[in-house]
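The next block holds one structure in the form of structure tokens; read it before the comments.
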Amino acid sequence: MSPRTPAQNAELALLLEVAGTPKPGNVDRHRDFEDLRFEHFLAGAVGARPGLAAAAAGDPVGDAFERAVAGMAEQEGGNTQFGALLLLVPLVAATDGAGPPTRAAVSRVCSETTVADAAAFYRAFDHVDVFVGDPPPDAPELDVRRGSDAVPDVEAREETLEAIMERSAPGDGVAREWVRGFDRTFETADRLLAADGHILDRTADAFLELLSEEPDTLVATQHGDAVARDVSEQAADLLDASRADVEAFADDLVERGVNPGTTADVTAAGLYVALQGGLSV
């Protein structure tokens, strides 16, 4: 059980995720990108809070997500936590009381999403630039990069938000969580709760374990499947390595511009479930 509200824990999860270090290839409290810095993530987490509160209050998932993204985008760095919010909003919406959401509850929230939720999801892309892959070959009109311009096509096809996630799942690890019942999210929460030590060290360790288990889909989209597999293999080799070796790997990925951002999104989602489950801070 948690002493905080679900919206507070979702905001805290975003803050803990970016503060955990080293998280190879990602911004953390010791590493910035040229145009995207630690403070942008802090501001993004705070800005997302009203949308997360809307999800907790029972607002439609799509509207709550768009509001969270709009608030997140009110900083100078650009996209900081779009993918994490796409996981956190249904998790918060599925949370009943002070305990953690259940897998069944979050799956139900996702399955009950509507065409209006999908339209709001597309409008969220108007607020911030998000790096995504190409749309499905059979539905070029559903390219999320069109933002609100795609809404008439989404409505004409009667696509729900869950259906959009199903289309995206083969190449997107965040969408894959939606269709797999948030399995990696809940596994990460269990690891965080079972582990010992400083919460930010546990966060970094959980990130590295996730990265070692499955190639990051953002890396695959940006750099190709071979690079994504190589990064995961390197992470697996470092699971029992020294902190200095992991720090060196983190610096190398940042210098190469290789960003396992989807893995960071799942880490944030796992932190939320763990916080709701009583993870102490």
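The values are calculated or read from the model by the stated rules, or taken from the named source; none is laboratory data. These numbers were taken from a predicted model, which means no experiment stands behind them. FYI the Cβ positions are ideal-geometry reconstructions off the backbone, even for glycines, and counts take in every protein chain you see. What goes into the accessible areas is simple: the full protein's heavy atoms, side chains included, and nothing from ligands, DNA or RNA. Shrake-Rupley method; radii C 1.70, N 1.55, O 1.52, S 1.80 Å.
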_FRET efficiency for D32 and R157, using Cβ-Cβ distance with R0 set to 41 Å, rounded to 0.05_ = 0.50
*So what is the relative contact order for the chain, in percent, with contacts set as C-alpha pairs under 8 Å and at least six apart?*
26
*Gain in span if fully extended, A139 to D237, counting 0.36 nm per residue against the direct Cα distance*: 31.3 nm
*Would you work out the relative contact order for segment 11-88, in percent, from Cα pairs under 8 angstrom that are 6 or more residues apart?*
28
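Of all the accessible heavy-atom surface of segment 141-281, with the other protein chains kept in place and a 1.4 Å probe, what percent is carbon and sulfur? Please list the in-between numbers first.
Numbers: 2510 of 5850 Å².
Taking all protein chains in place, segment 141-281 shows 43 percent carbon and sulfur surface.
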*asked:* How would segment 136-281 be classified by its alpha-carbon gyration tensor: rounded, prolate or oblate, with rounded meaning a/c under 1.5 and the a/b versus b/c comparison settling the rest?
replied: oblate
*How long, wide and thick is the chain, going by the Cα atoms along their three principal axes, in whole angstroms, largest first?*
54, 42, 33
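May I ask you to give the solvent-accessible area per residue for the chain, in square angstrom, as obtained with a 1.4 angstrom probe?
Values: 11440 Å² over 281 residues.
Computed with neighbouring chains in place, this is 41 Å² per residue.
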*Using a ≥ b ≥ c from the Cα gyration tensor of segment 59-161 (square roots of the eigenvalues), is it rounded, prolate or oblate, where a/c under 1.5 gives rounded and otherwise the larger of a/b and b/c decides, a/b for prolate?*
oblate
